[in-house]
Amino acid sequence: MTARPFLDGITVLDLSSVGPAARASRWLADWGATVIKVGPVPRDADVQINPPIYAYSAHRGMSRVLLDLKSDGGRGAFLRLSANADVIIESFRPGAINRLGIGYEALRGVNPGIVLCSTTGFGQTGPRANWAGHDLNYL
């Protein structure tokens, strides 16, 4: 008998691109969760969409969707995806998801059981909360 992966049946929407949040989604996928990386629609032909193999395992075993969260259509599509998700991971600066219209209250409106994991380099509150975090800070 083959055991099912530990997180089989769990769906994660990952809005992060680097740092601890991206590592967390990698681990969740390794443990069997369905992870959907949500990335921005490229505005420039030179923008890298697919990560190289050496960066976060190139999103191995994950799906990708590109959405413009600043548009009504992109925001609506994200909320529709959220209705069937279990977890959302984001690494924007504090308040950014609220300004995009996809904050916890909006998410809870489409999925009362949603778990939102918000990571930042310097916490959600305090004098440095709005500072950008980078790999060196996280280390």
So, first residue free of Cβ contacts under 8 Å to residues at least 40 places away in the same chain and farther than 11 Å from residue 87 by Cβ in region 102-123, second residue hydrophobic (A, V, I, L, M, F, W, C) and open to solvent by 30 Å² or more (accessible area, probe 1.4 Å), Cβ within less than 6 Å, six or more apart or across chains; the pairs are 104/116; 110/79; 110/83; 122/131
ask   = Going by the conditions given, is residue 62 at pLDDT below 90 and either among the β-branched types (Val, Ile, Thr) or surrounded by 11 or more Cβ atoms within 10 Å (Cβ to Cβ) (or both)?
value = yes
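Could you grab me the full set of residues in region 79-100 that are surrounded by 16 or more Cβ atoms within 10 Å (Cβ to Cβ) and farther than 20 Å from residue 24 by Cβ? Give the steps one after another, and end with the answer.
Initially, region 79-100 is screened for residues surrounded by 16 or more Cβ atoms within 10 Å (Cβ to Cβ), giving 79, 81-82, 85-93, 96-97, 100.
The answer is 79, 100.
Rundown of residues vs (1) open to solvent by 40 Å² or more (accessible area, probe 1.4 Å); (2) at pLDDT 95 or above; (3) within 21 Å of residue 8 (Cα to Cα); (4) in a loop (DSSP other than H, G, I, E, B), yes/no style:
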| site | (1), (2), (3), (4) |
| --- | --- |
| 22 | no, no, yes, no |
| 27 | yes, no, yes, no |
| 43 | yes, no, no, yes |
| 46 | yes, no, no, yes |
| 77 | no, yes, no, no |
| 116 | yes, yes, yes, no |
| 122 | yes, no, no, yes |
| 136 | yes, no, no, no |
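The values are calculated or read from the model by the stated rules, or taken from the named source; none is laboratory data. Since this is a predicted model, take the numbers as computed values, not measurements. Note that each Cβ is placed from the backbone with ideal geometry, even for glycine, and that neighbours are counted across all protein chains shown. SASA here: full protein model, heavy atoms, side chains in, ligands and nucleic acids out. Shrake-Rupley method; radii C 1.70, N 1.55, O 1.52, S 1.80 Å.
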